[in-house]
Amino acid sequence: MPDDPAGLVTGPDGQRRCWWQGQDALYRAYHDDEWGRPVASDRTLFEKLSLEGFQAGLSWLTILKKRETFKRAFAGFEIEAVARFGPEDVERLLQDPGIVRHRGKIEAVIANAGRARELQAEVGSLAAFVWSFEPEPEDRPARLDRATLGALAQTAESKALSKALKSRGWRFVGPTTCYAFMQAMGLVNDHLEDCCMREVVEAERAQFTRPRATVESN
């Protein structure tokens, strides 16, 4: 449970963090080292979109514990490699106990890799496309506590990103999934006020060079 209504818990190191990482060391490391830090790598962005799709109906900690197995199973989430997967790969993955064996989600990742290649051709990179949906600062909450964060399961920007991806044939990319993706990949900084990582992430976002389209879209 949080130490206070703002939604912070104090860890074994005495630092105050967002409540959702609990006291699990793996989850705490993810909170500190990855969550909210801006990402421009197409491979990493594709990996996170894929894993968010697998998370649907499950906890993120469940996926986090299986992440290395997912990476091995899906060729490190290299877009070109996954796009070449065929029916035999689907059957192989359905037999892998180290991942979530859901045919629809497995097939979605493979199909989405093809759609990611199309986006790369369209605007130059998946990163450029995704970052074009970053919210404007004035559209963000003035102060972020647990209650405010709880109301942000989806936003106008995550709905727009979801709609744009779905219109291009992507699967398992609903607006809630897209917002969780935006939180994780640093398109927003949703570390709570007074979380020990909020200012660290904000400084990284300030220094981050946003990817831009290098190909004219039609």
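Side notes on the structure shown:
- Sequence of 27, 179 once ranked by neighbouring C-beta atoms within 10 Å, starting from the fewest: 27, 179
- For the chain: relative contact order, % (alpha-carbon pairs under 8 angstrom, 6 or more apart): 30
- A compact globular protein would have a Cα radius of gyration near 2.2 N^0.38 Å; the ratio found for segment 99-147 is 1.71.
- In segment 59-218, lysine pairs with alpha-carbon atoms under 23 angstrom apart (chain gap of 8 or more, or interchain): 6
- Sorted from longest to shortest, the spans of the Cα atoms of the chain along the three principal axes equal 50, 43, 26 Å.
- Cβ-Cβ FRET estimate between residue 214 and residue 33, R0 fixed at 22 Å, reported to 0.05: 0.15
- The Cα atoms of segment 160-218 define a convex hull whose projected area, averaged across directions, is 5.4 nm².
- This ranking places 188, 9, 200 by how few other beta-carbon atoms lie within 10 Å of each, fewest first, which gives 200, 9, 188.
Since every read-out is calculated from the coordinates, none of them should be taken as a lab result. As the structure is a prediction and not an experimental result, all values here were calculated from the model. Neighbour counts run over all protein chains shown; Cβ positions are idealised from the backbone, glycine included.
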